[in-house]
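S.K.: The structure follows.
Each value in this text was obtained by applying a stated rule to the coordinates, not by laboratory testing. It should be emphasised that the depicted structure is a prediction, and the values quoted were computed from it without experimental measurement. Here the Cβ is made from the backbone with ideal geometry for all residues, glycine too, and neighbour counts use every protein chain on show.
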Amino acid sequence: MTTARIAGGNGNGVAFIVSAGVVYEIIAACCSSPQTTEINAATRADTLMKWVNLGIVQSALFIGVAAVIDPKRRASILAGGGSAGVLLYIQYIHARNSGLSSAEPGTEDN
């Protein structure tokens, strides 16, 4: 069975998952994991979130370009990239907030 047949023959499933993967890869390349954000929020919350925000902007640029280049799959590209961006951003916000409210020591000193 071919990938096109699995995706319903239109490639939208592939476009969705690729655009979602790009968002996760770009953000991962820009910053630590949500776990590291939570552990070290007391000392690095502002810096960590700066890089998350930069990753979101970069992701949006790549997803936007892909949507322009492939208008046939634009909706899937935007849905995949948008979903991944929103979900991962929520994770980082939660990690930051949890870390800032935690009394547990981080792994870094000031």
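S.K.: Using the basic label-point model (7 angstrom from Cα toward the beta carbon), what is the ILE69 to HIS94 distance in nanometres?
M.R.: According to this spin-label approximation, the distance is 3.2 nm.
S.K.: Work out how far the C-alpha atoms of the chain reach from end to end along every principal axis, then list the three figures in whole Å, largest first.
M.R.: Answer, in whole Å and largest first: 53, 27, 18 Å.
S.K.: Between GLY55, GLY99, THR36, whose Cα lies farthest towards the positive end of the dipole of region 10-101 when Lys and Arg beta carbons carry +1 and Asp and Glu beta carbons carry -1, centred on the Cα centre?
M.R.: Farthest towards the positive pole: GLY55.
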